[in-house]
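Remarks on the structure that follows.
The values are calculated or read from the model by the stated rules, or taken from the named source; none is laboratory data. Source: prediction; values computed, not measured. Cβ atoms come from the backbone with ideal geometry, glycine included; neighbour counts cover every protein chain shown. Surface areas here come from the heavy atoms of the whole protein model, side chains and all, with no ligands, DNA or RNA. Shrake-Rupley method; radii C 1.70, N 1.55, O 1.52, S 1.80 Å.
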Amino acid sequence: MNVSEPDSSFALVREFILLGFSCEWKIQILLFSLFTTTYALTITGNGAIVCALWCDRRLHIPMYIFLGNFSFLEICYVSSTVPKMLVNFLSDKTISFAGCFLQFYFFFSLGTSECFLLAIMAFDRYLAICCPLHYPNIMTGHLCTKMVITCWVCGFLWFLIPIVLISRMPFCGPNIIDHVVCDPGPLFALVCASAPTIQLLCYTLSSLVIFGNFLFILGSYTLVLLAVLHMPSATGRHKAFSTCGSHLAVVSLFYGSLMVMYVSPGLGHSARIQKVTTLFYAMVTPLFNPLIYSLRNKEIKAALRKVLGSFNII
């Protein structure tokens with residue numbers, strides 16, 4: 001196919017085939033059952049936290065407003081990819097051209113919003129622990145709302161231009177994506193024209209949002225750690241470490257897998273490693289997050305018991 005004819009080349013690809021995990025039918029059924037259970041638990045766990053924080057007015061404070069938004073983000077995040085993964089196990093593996101890029105956009109936008117929100121949560125803990133006297137005057141409800149909205153807006157604008165540019169490139173076949181989601185790496189491999197500038201733009205934006213927010217979180221918690229170590233009360237130190245420890249565990253899980261995938265393109269990860277890593281940050285971390293936060297936080301456990309008790313579940 002002549003690369004100089006982008007229009008005719010582009011018209012050839014109207015849908016993609018997401019290979020996912022090519023294995024025996026029995027194993028596919030097993031994976032389908034495992035992924036369905038994980039998805040259901042993720043939705044239930046994060047949904048329970050959102051409901052508990054919404055219903056308990058005592059928890060309508062910045063720390064828990066951020067956590068409630070984060071749990072809601074996790075629900076949207078897994079729902080942007082997992083339902084299509086489950087469908088692919090039981091039926092044909094095709095996804096339309098528009099559907100592929102919509103999945104690409106929402107998956108990356110929601111993930112970027114999570115990166116920003118995790119950074120804001122670290123900043124909130126820094127203010128609460130390092131500036132406790134000024135915290136109520138600084139972190140007002142109005143500022144909290146503005147920060148949450150900013151995270152969502154920036155997340156959905158961050159990759160908008162690169163995704164539009166990629167979608168307008170000539171795809172002349174084959175249309176097979178050896179992955180579980182529509183990811184930029186496999187998509188670039190299907191483009192029949194060289195696009196180093198767009199690739200560099202994607203990796204630069206990925207590196208900025210991942211490393212920028214990660215370094216901000218690291219700096220915030222370094223200051224928090226120094227402040228906690230100087231606390232005279234052992235009870236205060238324990239409470240501060242418990243609160244920050246939950247957040248750091250989530251940050252480590254989420255950012256660790258992202259860095260492997262999107263800021264080291266030159267390592268040439270195999271398709272299998274890419275799929276497993278994607279599943280880790282797309283399915284496993286959203287499942288662990290409600291467990292990490294609820295099991296280590298007395299206020300959330302009390303709110304969950306109150307909500308579940310109102311439905312006569314416990």
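Annotations
- If the condition is being open to solvent by 40 Å² or more (accessible area, probe 1.4 Å) and modelled with pLDDT under 90, then segment 159-176 contributes 168, 174, 175, 176.
- Condition check for residue 200 on (1) without any contact (Cβ under 8 Å) to a residue 12 or more places away in the chain; (2) of a type outside the set (Gly, Ala, Ser); (3) crowded, with 20+ Cβ neighbours inside 10 Å: one failure, at (3).
- Considering (1) of a type in the set (A, V, I, L, M, F, W, C); (2) over 30 Å from residue 23 (Cα atoms); (3) at pLDDT below 85, the lone condition that residue 139 does not fulfil carries the number (3).
- Residues satisfying the stated conditions in segment 54-82, i.e. in a helix (DSSP H, G or I) and free of Cβ contacts under 8 Å to residues at least 12 places away in the same chain: 57
- Any hit, segment 140-158, residues being open to solvent by 20 Å² or more (accessible area, probe 1.4 Å), closer than 30 Å to residue 228 by Cβ and touching a Gly at 6+ places or on another chain (Cβ under 9 Å): no
- Contacts under 8 angstrom Cβ, first residue in segment 31-45 being in contact (Cβ under 8 Å) with a residue 60 or more places away in the chain, partner open to solvent by 50 Å² or more (accessible area, probe 1.4 Å) and among the aliphatic types (A, V, I, L, M), 6 or more apart: 45/291
- Unique residue being closer than 27 Å to residue 204 by Cα, part of a helix (DSSP H, G or I) and within 24 Å of the chain's Cα centre (by Cα) when the list is 150, 145: 150
- Some residue of segment 263-278 being at pLDDT below 70, in contact with a Ser or Thr (Cβ under 6 Å, 6 or more places away or on another chain) and closer than 29 Å to residue 18 by Cα: yes
- Residue 113 vs. criteria free of Cβ contacts under 8 Å to residues at least 40 places away in the same chain and out of contact with any Asp or Glu (no Cβ under 6 Å at 6 or more places or on another chain): no
- Residue 21 touching an Asp or Glu at 6+ places or on another chain (Cβ under 8 Å), surrounded by 13 or more Cβ atoms within 10 Å (Cβ to Cβ) and at pLDDT below 90: no
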